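Quick notes on the structure that follows.
The values are calculated or read from the model by the stated rules, or taken from the named source; none is laboratory data. Keep in mind that what you see is a predicted model, and the values were worked out from it rather than measured. All Cβ positions, glycine included, derive from the backbone under ideal geometry; neighbour counts span all protein chains shown. To get the accessible areas, we keep the full protein, side chains included, count just its heavy atoms, and leave off ligands, DNA and RNA. Shrake-Rupley method; radii C 1.70, N 1.55, O 1.52, S 1.80 Å.
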Amino acid sequence: MGKVKTKFFSYGQREIEYLQNVDQILGAAMKRLGKIDREVIPDLFTALIYAIVGQQISVKAAYTVWHRMQLHFEEMIPQHIALATVKEIQQCGMSTRKAIYIKNIGEAVMFGSLKLMELYDLPDEEVIKRLSKMNGIGVWTAEMLLLNSMERPDIVSWGDIAIRRGMMNLYNLTDITKEQFEKYKKQYSPYGSVASIYLWKLSFEDGNSL
């Protein structure tokens, strides 16, 4: 992820063995794939901007826009984003609407109406509720922050198309209902985030080959 400081999502044998025991199909895929290193962004503000950049675009497109943003803004800090023009942000390769959302969030953090550090003291649902009050942040974006920055252990996002596709590939389904999704999500708990890491990987495979 370029200049932004990253690390790998922290998990180990306890989470792996638990998921292998509760779901033999997932467990077999996990053994085949081995341990997956999921890159996360520890800084909450940077991770939030990255999640917004990634809304409703492909992974490849998100990386391209993110790379341009990092070249333009030497440090991904609230002050730099808040003081930039919407046009500056938009020229990194995103829609004007998304650029407005990003600028507004930079301002909210800089001026203190959005206190990101307080999120660490809140349960998952409260984090989602608080962030969703901001224009441009929905449930999916908040869940990505919970998993890809805060490293919360039990995040499986219905709003993530790749996770749903990973489930369909894993269980050889042509479609998946919310009810089916919730059944698997409950089965993975309390280590849903590690399951998500594997489902993302599985989303790129052909379900018939699993």
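Here are the numbers for the structure shown:
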| item | result |
| --- | --- |
| log₁₀ of I(q)/I(0) at q = 0.24 Å⁻¹ - region 48-129, Debye sum with one point per alpha carbon | -1.16 |
| Among TYR171, GLY112, THR96 - extreme Cα towards positive end, dipole of the chain, charges at beta-carbon | THR96 |
| Contour excess over end-to-end distance, with Cα ends at ARG14 and GLU125 and 0.36 nm allotted per residue | 37.5 nm |
| Top positive-direction residue, dipole computed over the chain with Cβ charges, set TYR18, ALA62, ILE161 | ALA62 |
| Centre separation in Å (Cα based) which lies between region 134-210 and region 37-58 | 16 Å |
| Accessible surface of the chain, 1.4 Å probe, proportion on carbon and sulfur as whole % | 51 percent |
| Quotient of C-alpha Rg and 2.2 N^0.38 Å, computed over the chain | 1.05 |
| FRET efficiency estimate (nearest 0.05) - Cβ-Cβ, LEU173 to ARG97, R0 22 angstrom | 0.05 |
| Net charge contributed by nearby residues that have their C-beta within less than 12 Å of GLU88 (K/R +1, D/E -1) | +3 |
| For PHE8, residues with placed amide H under 5 Å, excluding near neighbours | VAL40 |
| In sequence order, calculated HN-Hα J values of region 130-142 (Karplus, 6.51, -1.76, 1.60; Hz; x Gly/Pro) | 5, 5, 5, 6, 8, 4, x, 10, x, 4, 4, 4, 5 |
| Over region 155-210, equivalent-ellipsoid semi-axes from the Cα gyration tensor in Å | 16, 12, 9 |
| Estimated 222 nm signal from helices in the chain, with DSSP H stretches of n ≥ 4 weighted -39500 (n - 2.57), rounded to 500 | -17000 deg cm²/dmol |
| Radius of gyration, Dmax [region 8-88; alpha carbons; angstrom] | 17.8, 52 |
| Local electrostatic count at ASP23 - Lys and Arg +1, Asp and Glu -1, tallied over other residues with Cβ under 13 Å | +2 |
| Rounded accessible area per residue of the chain, 1.4 Å, Å² | 53 Å² |
| Shape parameters for region 138-181, alpha-carbon atoms, Rg then Dmax in Å | 11.4, 33 |
| 0 to 90° range, to nearest 10: angle between helix 178-188 axis and the chain longest Cα axis | 80 degrees |
| Total charge dipole magnitude, region 1-151, about the Cα centre, Cβ charges on Lys, Arg, Asp, Glu only, Debye to nearest 20 | 520 debye |
| Translational D in µm²/s for region 1-40 (Stokes-Einstein at 25 °C, 0.890 mPa s, Kirkwood Rh from C-alpha pairs) | 215 µm²/s |
| Rg over Rh [alpha-carbon atoms, Kirkwood Rh] for region 109-210 | 1.04 |
